[in-house]
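The values are calculated or read from the model by the stated rules, or taken from the named source; none is laboratory data. Bear in mind the structure is a predicted one, so any value in this text is a computation, not a measurement. As a convention, Cβ positions derive from the backbone with ideal geometry for all residues, glycine included, and neighbour counts pool all protein chains shown.
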Amino acid sequence: MLTTPVSERRLDILEWLKEPARHFPPQRHGDLVEDGVTVDGVATKLGVRRQVASTHLTLLAGIGLLRAKRIGRRTYYRRDEMRIAEVARMFEKGW
């Protein structure tokens, strides 16, 4: 995790996913809170191409801060609150 550079965009994504219904429009499939947000939703919010958003989301999921869930052909991402709290505790302890 520490080898991954911090990115303002990734921090924005994590912040937006705290309250997805506030930051993203309703989706055709999947509940914003229960299932998460699609790559397309994040790409639109960031103002970047889908591939760029996918890279950010895949990285965040890879280090355990997001959970990915497949519904049909789409992947939905939501925060893993337990993992985020665990990482925050590690940094508070001076890791």
For the condition more than 16 Å from Val87 (Cβ to Cβ) and either modelled with pLDDT of 95 or more or not β-branched (Val, Ile, Thr) (or both), what is the one hit in Ala61, Ala68? Ala68
Across region 73-95, which residue is modelled with the highest pLDDT among those that are among the acidic types (Asp, Glu) and either more than 16 Å from Glu15 (Cβ to Cβ) or part of a loop (DSSP other than H, G, I, E, B) (or both)? Asp80
Pairs returned, first residue in region 7-36 that is closer than 19 Å to Thr75 by Cβ and without any contact (Cβ under 8 Å) to a residue 40 or more places away in the chain, second residue that is polar (S, T, N, Q) and in a helix (DSSP H, G or I), beta-carbon separation under 9 angstrom, 6 or more apart or interchain, are Phe24/Thr44; Pro25/Thr44
Going through region 73-95 in order, the residues found to be surrounded by 12 or more Cβ atoms within 10 Å (Cβ to Cβ) and not charged (D, E, K, R) are Thr75, Tyr76, Tyr77, Ile84, Val87
